[in-house]
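The structure appears below as structure tokens.
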Amino acid sequence: MIATIAAVTVRALLSRRRAVLMALLAAVPVLVGLLARIRGRPGDAVEQVANMLEPSVVATLLPLIALVFGTAALGAELDDGSAIHLLTKPIARWRIVVAKILAAAPVTALLAGGATLLTGLLIGGDRGAAGVTLVYTLAVVVGAIVYVTLFVALSVLTSRALIVGLAYVAVWEGMLAGLFEGTKVLSVRQYVVGIVAALDPAGSVAPSAPLSPATAVVGVLAVAVVAFLVAVRRLERHQLSAGD
Amino acid sequence: MSGWLGVEPAAQPAPALVSTAPIVLDRASRWYGNVVAVNEVTFEVGPGVTGLLGPNGAGKSTILGMIAGLLPPSAGRVTLLGEPAWRHPAVYRRVGLVPERESVPAWLTGRGFVRYAARLQGVADPGAAAATAIATVDLAAAADRRTATYSKGMKQRILLAAALVHDPPVLLLDEPFNGLDPRQRLHMMTLLRDLAAAGRTILFSSHILEEVERLAARVLVVHAGRLAAAGDFREIRRLMTDRPHTFTIRSSNDRGLAAALIAGDAVVGAELVDGRLAVRTADLSGFGRRLPRLARDAGVSLYEVRPTDESLESVFAYLVQR
């Protein structure tokens, strides 16, 4: 049942223009990495990979792709009314939410994680930065799951999920969460950065004041679980508008 | 239930607290903020075809939405197959719903859409069940086309196929004849009659009197969120026909014509309003026959005779006022 819904959702996500746009967006850091490789850049490859991946992928590409696919996976059906075909079937609502996350998270992880891997390897794969590239890739995949769960929940909570999600990414994570110590614990981006710092085998990547590994892991789990439960609860109470 | 034997005013419904009917509304109301969409509606629907009739905005879709579990009642009780459908998705194993909006995923083929519905219903052989349902709605020839290429009528039929794919005993249809051409309409009516003859409970909504008349023996008339009448269609039809009708008449001598009509017992009332003659008659066909003769005998030329209350809304309003 979950697989059936997820498969149809993946097809829906990939059959629209948004998939092409997201693929083009994901290609940007890869092209930058390719240019960097062609031109050749002396210096610390690990630092170069980190300086490239953090702002372009972790802070921008990952949340944007997750926002687009996460809010579309279920929100698009709720908005255009076609969710009625799903919600009038004998399926527990938690299964629907799981299926939607299982559809949007791999697509997001594939694009954002793939862009991370290719970009990192192009910039410093042959100069000792393969390890840190894998660390970033893993952290981005975890981030994809958390972001998508968050945005799926947001799409059940509001029909303006795209705008609210964009405000969260740009205003909260982009401006406020980095300013104060206390606000970092409510930022998925900071969790991803915290996971990178925790997994980095050489400790060579040290973003300024990262969250502790424990905080990052607890944060990831807490956001994912709470967002999932909120999505299920709201979907159980979701009212489809009547025709007249 | 006695209500089905004749017309039953909405104000005196029998509470359906222990009913075993597949569909039961017991003093069900639904409001949105300060707007009351459905007001203390009580009725039951048993096997066979039942029409939910009312003008646009009367509350038909809200009633169907509550029955289908898409909306909770604000007050009262709504049960489908003995259980509240709201927040009870297991009931959909035995219910098929055709929504008013033909929101079919455009990138799926008709067959893909019906097969998807069969899988979600847990049907043992989704492919075979989909083929059967598609054949039932006479859409096999177009089944492998994307639904984006379908006409409105074809979308309605593929929605019906998806609703039938798990062979449910209860079928709910919201304005199923919208967008169908006459041949498709006839086919849909025959199909629904056959499905009902096999023992299913079918409730469909419509704002078109003739559709309900041709298909449903039993009818629920809804107006302004209230149940105006419930029961045998012929009884309701008779009420609609026998009610007083109002006409405005323009003639060469309105006063003279009014005097002739009253003297000839052709009308139950006549008055001059804004320079025109307004008359009320309880005998529609008799009035139609006698008016030209009375006008001729009185030496009055008729310029215009116009019914003023023939809209469906006025018919429903009349039923509610009774």
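Here are the numbers for this structure:
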quantity: Within a Gaussian network of chain B (alpha carbon springs, distance under 10 Å), most fluctuating of B:Asp125, B:Asp297, B:Asp174; calculated: B:Asp297
quantity: Check: the protein assembly as shown dipole with +1 on Lys, Arg Cβ and -1 on Asp, Glu Cβ, in debye; calculated: 640 debye
quantity: Partners for A:Lys184 among lysines (Cα-Cα distance below 28 Å; same-chain residues under 8 apart left out); calculated: A:Lys100
quantity: 222 nm mean residue ellipticity, helices alone, for chain A (DSSP H n ≥ 4; -39,500 (n - 2.57); rounded to 500); calculated: -22500 deg cm²/dmol
quantity: A:Arg18-B:Ala282 FRET efficiency (beta carbon distance; Förster radius 51 Å; 0.05 resolution); calculated: 0.20
quantity: Order of B:Arg218, B:Arg255 - criterion: other Cβ atoms within 10 Å of each residue's Cβ, fewest first; calculated: B:Arg255, B:Arg218
quantity: Volume in Å³ per residue [convex hull over Cα atoms, computed for the range B:88-238]; calculated: 122 Å³
quantity: Rg to Rh, two decimals, where the range B:165-264 supplies the alpha carbon set and Rh follows Kirkwood; calculated: 1.20
quantity: Helical mean residue ellipticity (222 nm; -39500 (n - 2.57) per DSSP H run of 4+; nearest 500) of chain B; calculated: -10500 deg cm²/dmol
quantity: Kyte-Doolittle at least -0.5, axis length at least 24 Å by Cα - qualifying DSSP helices, chain A; calculated: A:17-39, A:62-80, A:130-157, A:213-236
quantity: Relative exposure of B:Ile249, A:Ile2, B:Ile23, judged by other C-beta atoms within 10 Å (fewest first); calculated: A:Ile2, B:Ile249, B:Ile23
quantity: Range of Cα positions in the protein assembly as shown per principal axis (Å), largest first; calculated: 113, 55, 45
quantity: Farthest positive-ward along the range A:1-80 dipole, Cα basis, beta-carbon charges - from A:Ala23, A:Gly40, A:Met1; calculated: A:Gly40
quantity: In nm, spacing of pseudo-spin labels at A:Leu186 and B:Ala135 (7 Å Cα→C-beta vector); calculated: 6.1 nm
quantity: Cβ charges +1 (Lys, Arg) and -1 (Asp, Glu), total dipole of chain A, debye; calculated: 500 debye
quantity: Cross-link reach list, aspartates and glutamates versus B:Lys152, counting only Cα pairs under 12 Å and skipping chain neighbours closer than eight places; calculated: B:Glu100, B:Glu102, B:Asp181
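Rule-based calculations on the coordinates, nothing more; no lab input. The structure displayed is predicted, hence computed values, not measured ones. A quick note on method: Cβ atoms are made from the backbone with ideal geometry, for glycine too, and the neighbour counts reach across all protein chains shown.
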